[in-house]
Protein chains: 2
Amino acid sequence: MRIIETRSAPNPRRVRIFLAEKGISVPFEEIDIMAEAAKTPPFVALNPMQRVPVLILDDGTAISETVAICRYFEEIEPEPALFGRGAVGRAVVEMWNRRMELGLFGAIGQAFRHLNHKMSHLEVPQVTAWGEANKDKARSMLVMLDEALKGRAFIAGEDYSIADITALVAIDFMKPARIEMPAGLTNVARWRQSVSSRPSAQA
Amino acid sequence: MRIIETRSAPNPRRVRIFLAEKGISVPFEEIDIMAEAAKTPPFVALNPMQRVPVLILDDGTAISETVAICRYFEEIEPEPALFGRGAVGRAVVEMWNRRMELGLFGAIGQAFRHLNHKMSHLEVPQVTAWGEANKDKARSMLVMLDEALKGRAFIAGEDYSIADITALVAIDFMKPARIEMPAGLTNVARWRQSVSSRPSAQA
């Protein structure tokens, strides 16, 4: 088993943190997506979406999409549960992970992809107005998140989950995406300090 | 238990098809998102993302995000399995559902939201160039999907899954989004005929 990644990209970091929280060790293999390594025919055969990370199982099965890779590891190693427990718990984690992914991680990613000239060969066409609109969307989500974090430890409730991983990686990626944190979000700041101090955050 | 929806919107249809495949009956309650019914304070308290559908459990717990709602029903009624079976099977369904959701459903939705003047109060700002770019993204995904469907019955393999639901609802929404199906996609056409003929497609 091995995982193909580009270490500087945000999605592979979500998988690395997830595995660190599980205590699972998997060899990683670096490719350079900025040099279009994901557009070569052998890579496209592994993942037609031309994105990292990709998990390659011992029988050659290729699993791409960050959350699909994480779900595979949740299935083979259920503890600690990072996708929630029970029907309601799992639905609540799915809900919050999706809010963080579609609303926050996605918006920050769109701002980066559409406003950074280094991305012009990967995001075609770059649309400046759309990149700028996403800066506002990301900031609005952070205000919503601050409200949600009032009086609870983690994003989906009292237990750390994949929703915290998605949000942490997203927020740390605001710097390369050149988005400023809105002022006064004390709950987000407290939560960020907490999740950033876990050993997994260094993964 | 009840589900708040807007019947004409694509995401609630994903839940209706999912429930029809499971043979589960849940009362639906209609609100008009076009008339900003999702922006009222009582609704925002249920779902700060201001989107439908929302599942309200008997104890008042509100679950939003389409796939989170579907996952709740998969947990309480595992058969027929629509999220796959076993660690690899579940990861493969997650991967394909995400490709269909982020790459196809998302692109068609962005084209609709950014190019339809009726959406101008819900998608602020509308960015025409981004809407047009998504028409091409959707068509590229359909070409990829046609290749993937060569020699297999359903999108994630030999079993019908939530990935088929996401793709069917997305493709049926190309008409309101004014995106034409690329010519010559015979595998997509054969698959579409098959999934459209299931009773659930009328849900």
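The values are calculated or read from the model by the stated rules, or taken from the named source; none is laboratory data. Source: prediction; values computed, not measured. With ideal geometry, Cβ positions are generated from the backbone for all residues, glycine too; neighbour counts draw on all protein chains shown. Side chains are part of the model used for accessible areas, which takes the heavy atoms of the whole protein and leaves out ligands, DNA and RNA. Shrake-Rupley method; radii C 1.70, N 1.55, O 1.52, S 1.80 Å.
The table that follows gives values for the structure above.
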{"item": "Average other protein chain Cβ within 10 Å of Cβ, residues A:93-105", "result": "4"}
{"item": "Choice from A:Asp172, A:Asp59, A:Asp164 showing the highest fluctuation, given a GNM over chain A with Cα pairs closer than 10 Å", "result": "A:Asp59"}
{"item": "5 angstrom amide H check on B:Arg85, placed H, neighbours 5+ away", "result": "B:Arg90"}
{"item": "In the A-B interface, the accessible area buried, summed over both sides, Å² (probe 1.4 Å)", "result": "3200 Å²"}
{"item": "Whole-number D in µm² s⁻¹ for the protein assembly as shown, Kirkwood Cα-pair radius fed into Stokes-Einstein, 4 °C, 1.567 mPa s", "result": "60 µm²/s"}
{"item": "Under the Karplus curve 6.51 cos²θ - 1.76 cosθ + 1.60, θ = phi - 60°, whole-Hz ³J(HN,Hα) for region B:53-63, x wherever Gly or Pro sits", "result": "x, 10, 9, 10, 7, 4, 8, x, 4, 9, 10"}
{"item": "Among beta bridges that DSSP assigns inside region B:1-68, antiparallel share in %, nearest 5", "result": "65 percent"}
{"item": "Ordering of B:98-109, A:185-196, A:136-147 by burial proxy (mean other Cβ atoms within 10 Å per residue, highest first)", "result": "B:98-109, A:136-147, A:185-196"}
{"item": "Carbon plus sulfur fraction of accessible area for chain B, probe 1.4 Å, in percent", "result": "53 percent"}
{"item": "Local electrostatic count, A:Ser197, Cβ distance below 13 Å [Lys/Arg +1, Asp/Glu -1]", "result": "+2"}
{"item": "Prolate/oblate/rounded call for region B:105-197, Cα gyration tensor, a/c under 1.5 rounded", "result": "prolate"}
{"item": "Pair-distance profile P(r), taking every C-alpha pair of chain B, with 10 angstrom steps and integer %", "result": "9, 34, 36, 19, 2, 0"}
{"item": "Normalised contact order of chain A, rounded percent, pairs of Cα under 8 Å and 6 or more residues apart", "result": "22 percent"}
{"item": "Whole-Hz ³J(HN,Hα) from phi, Karplus 6.51 cos²θ - 1.76 cosθ + 1.60, for region A:150-159, glycine and proline x", "result": "4, x, 9, 6, 10, 5, 9, x, 8, 10"}
{"item": "10 Å Cβ neighbours from other chains, averaged over peptide B:127-139", "result": "3"}
{"item": "Within chain B, helix-based [θ] at 222 nm, where runs of 4 or more DSSP H residues each add -39,500 (n - 2.57), nearest 500", "result": "-14500 deg cm²/dmol"}
{"item": "For A:Arg2, residues with placed amide H under 5 Å, excluding near neighbours", "result": "A:Ile56"}
{"item": "Violating pairs (Cα-Cα greater than 18 angstrom) within the set A:Lys39/A:Lys118; A:Lys137/B:Lys135; B:Lys135/B:Lys175; A:Lys39/A:Lys175", "result": "A:Lys137/B:Lys135; A:Lys39/A:Lys175"}
{"item": "Peptide A:63-69, shielding by other chains (average Cβ, 10 Å cutoff)", "result": "6"}
{"item": "Per residue value of the accessible surface for the protein assembly as shown (all protein chains in place, 1.4 Å probe), Å²", "result": "42 Å²"}
{"item": "Cα centre as origin, Lys/Arg/Asp/Glu Cβ charges: chain A dipole, Debye", "result": "600 debye"}
{"item": "Computed magnitude of the charge dipole of the protein assembly as shown (debye, nearest 20; Cβ of K, R +1, Cβ of D, E -1)", "result": "820 debye"}
{"item": "Those residues of region B:33-53 for which accessible area with every protein chain present is at least 10 Å² below the isolated value (1.4 Å probe)", "result": "B:Pro48, B:Met49"}
